[in-house]
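Structure first, commentary second.
Coordinate-derived values only; no laboratory data. All values derive from a computational prediction rather than experimental measurement. Note that each Cβ is placed from the backbone with ideal geometry, even for glycine, and that neighbours are counted across all protein chains shown.
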Amino acid sequence: MDDNKIIALYNERNENAIKETETKYGLLLNKIAFEILNSFPDSEECVNTTYLKTWNAIPPTVPKSLRSFICRIARNTALTLLTKLNRHRAEDIYEELETMMTDTETPQSAVEGKELAAFINSFLSTQKKRNRQLFVLRYYYNMSIKSLSDCFGMSEQGVCSSLFRMRENLKSFLREKGITL
């Protein structure tokens, strides 16, 4: 079913909206949740919570992209659940990005979060499609190196090398823009 029709079902408060969302995006939401939580029961709980949060958000919110909207809800819900469960997997992923930053400054002290995001988006727009996808799947969706390797048909070392080069290039790009991390 078309996303606009699904959104219309939410606006009508028709419970088929959740069924249609699950049919169209259930596998994707489960993948996002599992990559973060690494647990099937926790992922299932996260996805069910995502459906509830989507139901409560539409209306009044009218998302431009239903896919992006529910993926963001699933990602944020999974990260919240991960924190509640006292897991540290996400910290390992963010440690990769921390290698770009000095101990004395944080991205927030360099620029406001939205400005930094705009610079990162600008950087990503200059990259090859595969590199953009690797970066976003790793650092936004918290996809494991193994999953990225399988998805892109690369060795795990190849994925790590590509991500390392991208982090170094991003660091250089930000320096050129006058941002020191």
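Can you quote the Å³ per residue value for the convex hull of the Cα atoms in the stretch 111-181, rounded to an integer?
Values: hull volume 5.9 nm³, N = 71.
Convex hull volume per residue, Cα atoms: 83 Å³.
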Notebook entry, point to check: Taking the Cα-to-Cβ direction at Phe40 and at Ala57 and moving 7 Å from each Cα, how far apart do the two end points lie in nm?
Noted result: 2.7 nm
Next item on the list: Return the long-range amide H neighbours of Met143 (sequence gap of 5 or more, or a different chain), with a cut-off of under 5 Å between placed amide H atoms.
Entry: Arg138
Check: Computed over the Cα atoms of the stretch 1-69, what is the ratio Rg over Rh, Rh following Kirkwood?
Finding: 0.98
Checklist line | Distance (nanometres) between label positions extended 7 Å along Cα→Cβ at Ile179 and Arg67 | finding: 2.6 nm
